[in-house]
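Data block below; observations after.
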Amino acid sequence: MTTRLTTIITYPSRLFTGATGVDIAPAQIVHTYLNPLIYLPWYAATTLAGPKFATLLQCTVQSTVIFPLMGVVRILLPDRKNASRLPTQILTVVLALASPMLWSEAGTSFADAALATPIVASLYFYLKWRRSGDDRNLTLSGLCLGVAAGLKLTCGIYEPGLLLIGVMPFVRGRISFQTLAMQPMAFVIGLLASSGWLFALCFLKFGNPVFPYFNSVFHAVEGANRSYRDTAYVPHSLLSALSFPLRWAQGGSITSELFFRDIRPLIALALICALGVGLIAPRLRRQQCEHTEPPDLLTDVIAFFMASLVVWMCAFSIQRYFLPGEIISGVIIGACLDRLFSARFSVALLIVIEVASFASLRISDWGHTNWLRTTYDLTIPAQFRDATMVFIAGEPFAFAGTFFSPDATLVGMTDWDNREPSQNSPFTRQIKEELATAGAKPAVISAGPPSRTALSVLAAYGLELTRQCEKLGGVHRDAPLQICPLSKGDASTAR
């Protein structure tokens, strides 16, 4: 169970009830203010039809990546005048789907697999524009990626790659600057269409439209004095970065929270190097007449893949965010083999690589809970159902807040909870004002007894435990949860 799933459950539920305006980062600051729209279908399906239907729905949505993927493969591997490339096309599509992150997220509420569809579609429309010259495809390319980035900002790492391959024909004088600008302009429109409302809300509340990110630029009081970025997996040297493909092939967790193995990126990079040297130039010249498409389109895909890989490494190097790149690495293998070798030999090599890829594939296990009778179902003791403020001391169990009244304020105690209330920030000011109202009834939820840190934070607001805590009934797999009543202690202890 991850904090992200508690966000998925908490935020949409509170969004429907209109309570998100009063909550205070119940699922951590870095997760509470993510765009909830991508998670609403999963939440609605789980709530209305149960977790089994939600899993099937999520699998259906995630499987739609096969459609733009087939389009990309057909453009890179078109049928020849006297021969069909159907076997190569099918094998390439199947190899592209041998993605450990894609299968690890299958049926789960993670958004990366579902968002691979608009990202791969963006590349497809770009290649279609390069082939046909129809500027509408360039606009669709930008819109697809913009919508994906609006739903999850991490998808924005693929925009530099598209910009790079768009600049290449511009430098050669093949397109005008106006045409070059169409894709990034469409990207911005798609971004605002899917997340403009959230940008506006965060700007009005915090002064930072992408709160808590890029806070070194916007300086929101409730965020850290730096741009939040998870750098746990970022390579600290060039040698470390170059070792990633080899270590992915060996298997491990160098760029993931959990163990996985994928040999395809290493093979793809080896084939890219083979194409990059002059050893295969004569072969390409002899076979050029056999191809209905120039190799420039494969060059574009390789440039997109390499640029996205570099940006991803520099930004965060979290494997789930490179899921579309994993898919594209399979496409590159199939296209490179087709250009390097004869049709029969390339198909034979592709089969060998495919068998090796699936045989060596290791998929991360996120601890799927979707096939349970229910996902999370808590029983709140009667005396706590009218609590006005619920402190959530720890993670990942912000979902517990959804079982309280929409009028209750949920307060997360993970990221910012060590702040002194005397700092008088918007969050601390809101807490003190609500605690000072008549009839305030605060409580705290924790896994086991509240920690010393949690108790010290509560004491800073003049709160203390009044009587023995009670266990919460129902289904919650991570840890036994309990709820404790709080009362206003000595006012002199509050800061």
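How many residues are of a type in the set (Asp, Glu) and under 21 Å from Thr299 (Cα atoms) if we restrict to region 330-367?
Quick first cut of region 330-367, residues of a type in the set (Asp, Glu) only: 338, 354, 365.
In the following step, the residues that additionally are under 21 Å from Thr299 (Cα atoms) were identified as 338.
Count: 1.
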Inside region 20-47, the number of residues satisfying the requirement of being hydrophobic (A, V, I, L, M, F, W, C) and over 23 Å from Ala113 (Cα atoms) is 4
In region 430-487, anything farther than 12 Å from Phe391 by Cβ, touching a strand residue (DSSP E or B) at 6+ places or on another chain (Cβ under 8 Å) and acidic (Asp, Glu) is listed as Glu464, Glu470, Asp478
Residue hits (region 32-84; assigned to a helix (DSSP H, G or I), under 29 Å from Lys128 (Cα atoms) and out of contact with any helix residue (DSSP H, G or I) (no Cβ under 8 Å at 6 or more places or on another chain)) are Cys59, Thr60, Ser63
request  = Looking only at region 425-442, decide whether some residue is among the aromatic types (Phe, Trp, Tyr) and either part of a loop (DSSP other than H, G, I, E, B) or modelled with pLDDT of 85 or more (or both).
outcome  = no
Going by what's in this entry, would Ile165 be described as aliphatic (A, V, I, L, M), at pLDDT 95 or above and part of a helix (DSSP H, G or I)?
no
Those residues of region 306-338 which are surrounded by fewer than 20 Cβ atoms within 10 Å (Cβ to Cβ) and over 18 Å from the mean Cα position of the chain (by Cα) amount to Met306, Ala307
Handout entry: Condition check for Phe203: without any contact (Cβ under 8 Å) to a residue 24 or more places away in the chain, under 19 Å from the mean Cα position of the chain (by Cα), in a helix (DSSP H, G or I) and within 26 Å of Leu34 (Cα to Cα)
Key = no
Just one listed residue, out of Ala193, Ala113, Ala149, is more than 21 Å from Tyr213 (Cβ to Cβ) and part of a helix (DSSP H, G or I), and it is Ala113
Contact list, first residue from region 391-403 and in contact (Cβ under 8 Å) with a residue 60 or more places away in the chain and assigned by TED's automatic domain parsing to the domain that holds Gly448, second anywhere and polar (S, T, N, Q) and surrounded by 24 or more Cβ atoms within 10 Å (Cβ to Cβ), beta-carbon distance below 6 Å, six or more apart or interchain, is Pro396/Thr6; Ala398/Thr6; Ala398/Thr10; Phe399/Thr6; Phe399/Thr10; Gly401/Thr10; Thr402/Thr10
Taking region 472-494 and keeping only residues that are surrounded by fewer than 15 Cβ atoms within 10 Å (Cβ to Cβ) and modelled with pLDDT of 85 or more, one is left with Ser487
Per the filter on region 131-145, residues touching a residue at least 12 places away in the same chain (Cβ under 8 Å) and over 16 Å from Ala114 (Cβ atoms) are Arg131, Asp135, Asn137, Leu138, Thr139, Leu140, Ser141, Gly142, Leu143
Does at least one position in region 59-81 carry a residue that is of a type in the set (A, V, I, L, M, F, W, C) and in contact with a strand residue (DSSP E or B) (Cβ under 9 Å, 6 or more places away or on another chain)? no
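The values are calculated or read from the model by the stated rules, or taken from the named source; none is laboratory data. The structure presented is a predicted model; accordingly, all values stated were derived computationally and were not measured. Positions of Cβ are generated from backbone atoms using ideal geometry, with glycine treated the same way; all protein chains shown enter the neighbour counts.
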